[in-house]
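These notes are about the structure you will find just below.
Each value in this text was obtained by applying a stated rule to the coordinates, not by laboratory testing. Small disclaimer: the values here were computed from a predicted structure and weren't measured. Neighbour counts are summed over all protein chains in view; Cβ atoms, including those assigned to glycine, are modelled from backbone coordinates with ideal geometry.
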Amino acid sequence: MLFRISLMAQATDHRVAPRIARFTPLAVLLAALALTSPATAQFVFPSDLTWAVSAGRHLVNKVELNIGWTQQRPLWQGEDWHLRLRHEFVLGRWHVPAAQDITEVGYSPVFRLENVSAEDTSVPHAFFFIEGSVGARLLSHTRLTPNLTLSTAFQFADMAGAGVQWEDPDSGAVQTLGLRLQHQSNADIKKPNPGINFVTVYYRFAF
């Protein structure tokens, strides 16, 4: 009897675990959106532009133009570190040598941990940061090669990165240079789900 119950519990775990993994990115995305409610944040218009270039598998490369803003009020504030939430709306174009080129649109809430204690006194408001995100994307096409497809137009975009932000001493414009590692997949909504990884370099200019 105990052996039978054990087998049933294992079978249940194998069914439940993929479902939990599938909805985890969506839960993170919804949690980030909840932090933008009037009780926790004040809406502002987009205030910066980001140009990004990425290199991925199967010789797939892409360029992005992102518009976004950073919430002024930190989510958390320590003596040396501040945690802020950014909002980024993404428009990208993938160059796919072995299939049709892809247009990408999406949104990412970006959690950015800023090391304000390491500000460079020679450059106004210069500091280092690390960042992470789980965003959502829609693709115009899903095929990467004749034998490989991403299966669904809807994709999750997970990202981890780091960068530096500074203020131009002459114009006062805030600028950012960063490096990101990005993984896009559909979290097994539909198989096959090979996903694709990108290495991204970006430059941001606040207006």
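Charges were assigned to the Cβ only: +1 to each Lys and Arg, -1 to each Asp and Glu. The resulting dipole of the range 61-207 about its Cα centre is roughly 820 debye.
Choose one of L148, V96, M159: the residue whose Cα lies farthest towards the positive end of the charge dipole of the range 89-179 (beta-carbon charges +1 Lys, Arg; -1 Asp, Glu; about the Cα centre). In the range 89-179, that residue is L148.
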